[in-house]
Amino acid sequence: MDNFDFQKLKEFFDKEKIKSNKKLLAYLFFVALSTIFWFLNALSKEYTTSINYPVNYINLPKEKVLVDELPAQLDLRVQAYGFDLLRYKLSTAFLSNPFDVNKYTKSRINHSLNAYPLVTSGITKRLERELSSGIQLLSISPDTIHFHFSPIVKKKIPVKLNSSIDYAQQFMQKESIFIEPDSVLVKGAGAILDSVFVAETENMVLTNLKKTTQQNIDILITDGLEVLPAKVKVTVPVVRFTEAQKIVPIKVDNLPDSMILRLFPGDVKMSYFVGMNKYETITEDYFDLRVNYETAAKGEVNKLKIELKRSPDFISNVRFYPQSVSFLIEKRKSIQ
């Protein structure tokens, strides 16, 4: 091991290698020096070139909204010495330049105009003063910036809840979900707002619910519109449920006064899930079960299908039996 280490040390201090390394370092020094002189010489020359001018539009009309997208940058044809171009590019590498719309359009768009073509050749001198000194601005592309505005309008629209709700076993929704507020004010360009009729919420996901729950949910809105408020409070009422049953009579639609339609059986057994808080309140009047006499009178069927026309909105899993009944048509006896 010791012999190996001494051998490497000896090779490192070998005279020929030291001499060779000195030549390499001297060569690299003169290459770097030549590069620096070439770079300085290049920067001292005058150039005609194009530079990107990223812009940030400020002082737009407060009571109007842009309809079309504006160019994010301008292409400037300039003439300048290399030093001035380098200084400009280093100073604006990560910045955007404020573009005062009100100033460049001479306050015209703050009034009645909703469309304004800004010819960029007319702002060359003003824009040149905002560049680094020593840079001469020759031309600007695009040659025209088109400002298209729409007056801001407002309207109130209802909130539509997007949700995915899963209840724990033996629990159910107690009553209608409550959204506060149930409508929001939307502001924006009339052309956009005309196609917006509801304000949808983000998807509210609730799982294994066992108690009444409240959440603040964001409103989803189309780009270019503002919504107030931006959130709504959603209350999901939850209650423990039980299964209940009721015997409900069947009613007959379109029955002439002169006829009798006898049904076999004349009532059905209803089964449903209901919250414990509503269990005692439900009567047979909450349900409306019907058959149609006209179907029986055609003589084409021997059983009538029962239709559930109405049931409480606070119950679930509604079932009834039977779902069809036999019938007999009789003529009502006239009273002398």
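The values are calculated or read from the model by the stated rules, or taken from the named source; none is laboratory data. Here the structure is a predicted model, which is why all the values come from computation and not from measurement. Note: ideal-geometry Cβ built from the backbone for every residue, glycine included; neighbour counts use all protein chains shown. The accessibility values were calculated without ligands, DNA or RNA, using every heavy atom of the protein model including side chains. Shrake-Rupley method; radii C 1.70, N 1.55, O 1.52, S 1.80 Å.
Annotations
- Pairwise label distance in nanometres, K309 with E202, each label 7 Å out on the Cα-Cβ vector: 4.6
- Extension gain, K154-S139: 0.36 nm per intervening residue step, less the Cα-Cα distance, totals 1.3 nm.
- Heavy-atom surface analysis with a 1.4 Å probe gives the stretch 181-336 a carbon and sulfur content of 48 percent of its accessible area.
- Tensor-based shape of the stretch 180-299 (alpha-carbon gyration tensor, a/c under 1.5 rounded, otherwise prolate or oblate): oblate
- Cα gyration tensor shape of the stretch 199-256, rounded if a/c is under 1.5, else prolate or oblate by comparing a/b with b/c: oblate
- Cut-off 9 Å between beta-carbons: net charge of the residues surrounding K246, Lys and Arg +1, Asp and Glu -1: 0
- With a Förster radius of 41 Å applied to the C-beta separation of Y81 and T222, the computed FRET efficiency comes to 0.25.
- Annotation: Cα Rg of the stretch 64-200 relative to the compact-globule expectation 2.2 N^0.38 Å equals 1.75.
- Approximate spin-label separation N97-S326, in nm, with each point projected 7 Å along Cα-to-Cβ: 9.5
- For the stretch 301-333, applying the loop criterion from DSSP together with a ceiling of 15 other beta carbons within 10 Å to the trypsin sites (Lys or Arg not before Pro) yields R332, K333.
- When the surface is traced with a 1.4 Å probe over the full set of protein chains, S324 keeps roughly 40 Å² accessible.
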